[in-house]
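Undergrad: I am attaching a structure below and will ask some questions about it afterwards.
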Amino acid sequence: MNATVLGGLQVERHGSLANWMVPGKKISGVGGAMDLVNGAKKVIVAMELCDKQGRAKIVNKCTLPYTGRKCVDHIVTELCVIDVTEQGLVLREVRRGYTAKDIQAMVEPALLIADDLKEMEE
């Protein structure tokens, strides 16, 4: 499989993903996501940048159980697009009205800013 797109609860600075256990819920969704992240050549995570309480979902270390380790290639949120690289997380696009500094304030890991940082198309 060339690529998969799935949701995420947390993505770690090195591209590890947690997406199967919702905090505070007794029901978890363990299953197919683990197969997808281990079988796809590219893993794209689509999620909101922060949770409902305003906490970062892009974190230095996942506090939720892992779905896959170092498996994420791209993160797409409502405010930005980030690539996971060996050098670190690279901010590629930001939503109109936001700056790289705004996005940095909403994530835990330090972001690298792409030389060709773009505005997201809406």
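The values are calculated or read from the model by the stated rules, or taken from the named source; none is laboratory data. What you see is a predicted model, and the numbers here were worked out from it, not measured in a lab. Glycine also receives a Cβ, built like all others from the backbone with ideal geometry; neighbour counts cover every protein chain displayed. Heavy atoms of the whole protein, side chains included, go into the accessibility calculation; ligands, DNA and RNA do not. Shrake-Rupley method; radii C 1.70, N 1.55, O 1.52, S 1.80 Å.
Undergrad: If you average the sequence gap of Cα pairs under 8 Å that are 6 or more apart and divide by the length of the chain, what percent do you get for the contact order? Working shown, then result.
TA: Working: 266 pairs, mean separation 31.6, N = 122.
Contact order relative to length: 26 percent.
Undergrad: On to the next question. Place a point 7 Å from Cα of I113 in the direction of its Cβ. Which residues in segment 71-102 have their backbone N less than 14 Å from it?
TA: It comes to 90-95, 98-102, nothing else.
Undergrad: Rolling a 1.4 angstrom probe over the protein heavy atoms, how many square angstrom per residue are accessible across the chain?
TA: Values: 7300 Å² over 122 residues.
On a per-residue basis, 60 Å².
Undergrad: Please get the size of the charge dipole for the chain, origin at its Cα centre, with Cβ charges of +1 on Lys and Arg and -1 on Asp and Glu, quoted in debye to the nearest 20.
TA: Numbers: 16 positive and 16 negative charges, 112 e Å.
My answer is approximately 540 debye.
Undergrad: Relative to the present Cα-Cα distance, how much length would full extension add between T99 and K41 at 0.36 nm per residue of separation?
TA: On the way: separation 58, 0.36 × 58 = 20.88 nm, distance 3.08 nm.
Contour length minus Cα-Cα distance gives 17.8 nm.
Undergrad: Find the Cα radius of gyration of the chain, compare it with 2.2 N^0.38 Å by division, and give the number to two decimals.
TA: Working: Rg = 13.9 Å, N = 122, 2.2 N^0.38 = 13.7 Å.
Its radius of gyration relative to the 2.2 N^0.38 Å reference: 1.02.
Undergrad: Here's a follow-up. With a point put 7 Å past each Cα toward its Cβ, work out how far N60 is from N2 in nm, to one decimal.
TA: Computed distance between label sites N60 and N2 equals 3.9 nm.
Undergrad: Once you place label points 7 Å from the Cα toward the Cβ at K70 and C50, how far apart are they in nm?
TA: Inter-label distance under the simple model: 3.2 nm.
Undergrad: On to the next question. Using a cut-off of 12 Å between beta-carbons, work out the net charge of the residues near V37 (Lys and Arg +1, Asp and Glu -1, V37 not included).
TA: Details: positive: K41, K42, R69, K70; negative: D35, D73.
Neighbourhood net charge equals +2.
Undergrad: Here's a follow-up. In whole percent, how big is the carbon plus sulfur part of the accessible area of the chain, probe 1.4 Å, protein atoms only? Present the calculation step by step, with values, prior to reporting the outcome.
TA: Values: 3690 of 7300 Å².
Answer for the chain: carbon and sulfur cover 51 percent of the accessible area.
Undergrad: Could you check what % of the DSSP bridge pairs in segment 1-115 are antiparallel, to the nearest 5? Walk me through the intermediate numbers first.
TA: Numbers: 14 of 27 bridges.
Percentage antiparallel, nearest 5: 50.
Undergrad: In cubic angstrom, how much convex hull volume per residue do the alpha carbon atoms of segment 32-101 span?
TA: 115 Å³
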